[in-house]
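Worksheet: the structure to be examined is printed underneath.
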Amino acid sequence: MVTLRGPQPPRRGPALSELNVIHDGSLLVQEGVVIEVGTTRRIENLALARKAIEVSAAGRVVMPGFVDCHTHLLFPPPSSFGVENGARALRAITGMRLETRARVYLDSMARHGTTTVEVKTGCGPDPRAEMKLLRVLALLKREPVDVVATFLLSLSPSDFSGNGQITAYAEWASNELLPRIRRRRLASFAGVQPGEECGTPPHVSRYLAAARNLGLGRKVHVDQRDGSQAIALGIAYGATSIDHLEHVTAADAALLANSETIATLLPCASFHNSAHYAPARMLIDAGVPVAVATNFNPHHTPTLNMQMAVKLACSHMGMTPAEAISAATINAAHALGCAGRAGSLAPGKSADLLMLNISDYRQLAHDFGINLVHCTMKRGQFIYEEGAVAPRPAQDLRRAW
């Protein structure tokens, strides 16, 4: 049993490798909450355990559910390439259809072991499309997994007709949209993607300040080659996480190491796009708290399997299996501000856990393209369990007419 019990702050340095494994471990769950964790002999002797339903995990690894702390699950349909076409498609599609498509993705995530997921908006300078996405996200919360919403202010110059339009959109988002989001509780975080060509303009500072004043969490996208300004700005405004970081420098790592900001790394995006990987080894050795996520996006990173993110973190970014698991669970929960209830198996936390068809957690760094999840539990209820491979009787099939 990989519990990841430990200190409350995000894991960094050697602490990232401390999984707190219990061989022949058990846990006791009541009303969706973990009551006790320990050896099987100790748990079986508890008074509450005598009336409990026993679920055997013999020969399997039990671990916390994955926390996918960076996705673009509601990105425009794959057939709608380009920002303008994507926004047009989102305006045309009904909220119900968007919700249905999102639930298909969420169900698949649950089957692959994700129990908490962050979802960003960020379809470009289209207020109607952004509000539609936020309303859909509000309908998706807690079904079948916990959904954490982020409004993403994307400021790529290629999406605008000029600097004046960029400034106007950023000012509108800061002065009108963020207060509306806060009042209606449509998002937990305000994110910003400055854009490669425009560096870090002053209105990014005003946007982050507005989010901080409203009590919204802050996130910063840094996928440009020179992201030092954006990193420093994110740290200055208390960003919960700074994401991507494929081109982070040693000086940037030193800044991050002296902050509470999580560095969220996205190996699946680099793999799919044959791009540069973030220097995870440098960041960890510098003392930066690191998280790992899929960056799921139907266009640019079409994978929603956190097992693949763990595998790539080990094989392409120099992380150990223990570090990658910590980054994909407890540190990813810190990146979403939910480490108090998710990311580890400890008393008082939500019973979000996986049973894996492996006997050693290190096999997660070896296998790829395989779903190792035997079953997924969310808040004490099994939301997925693998079934038998067997022929279906013809009478059970639906007629085509």
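Quick look at the numbers
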item: Residues satisfying the stated conditions in the range 233-280, i.e. in contact (Cβ under 8 Å) with a residue 60 or more places away in the chain and surrounded by 16 or more Cβ atoms within 10 Å (Cβ to Cβ); result: T240, S241, D243, A257, I262, T264, L265, L266
item: Residue selected from the range 24-53 under the condition part of a loop (DSSP other than H, G, I, E, B) and without any contact (Cβ under 8 Å) to a residue 12 or more places away in the chain, by the criterion surrounded by the most Cβ atoms within 10 Å (Cβ to Cβ); result: N45
item: All positions within the range 354-401 that are surrounded by fewer than 10 Cβ atoms within 10 Å (Cβ to Cβ) and of a type in the set (V, I, T); result: V389
item: All positions within the range 110-133 that are touching a His at 6+ places or on another chain (Cβ under 8 Å) and surrounded by fewer than 24 Cβ atoms within 10 Å (Cβ to Cβ); result: G122
item: Flag for R182 being closer than 23 Å to V117 by Cβ and assigned by TED's automatic domain parsing to the domain that holds W172; result: yes
item: Filter result for A173 (modelled with pLDDT of 95 or more, surrounded by 20 or more Cβ atoms within 10 Å (Cβ to Cβ) and either touching a helix residue (DSSP H, G or I) at 6+ places or on another chain (Cβ under 9 Å) or part of a helix (DSSP H, G or I) (or both)); result: no
item: Helices (runs of 4 or more DSSP H) within the range 288-350 that include 3 or more residues at pLDDT 95 or above and more than 18 Å from V145 (Cβ to Cβ); result: 306-317, 321-328
item: Check on H276, at pLDDT below 95, assigned by TED's automatic domain parsing to the domain that holds T71 and not β-branched (V, I, T); result: yes
item: Matching residues, the range 351-381, being closer than 16 Å to V29 by Cβ and either assigned by TED's automatic domain parsing to the domain that holds V310 or not in a strand (DSSP E or B) (or both); result: A351, D352, R379, G380
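The values are calculated or read from the model by the stated rules, or taken from the named source; none is laboratory data. All of these numbers come straight from a predicted model, not from anything done at the bench. Glycine gets a Cβ as well: all are built from the backbone with ideal geometry, and neighbour counts include every protein chain shown.
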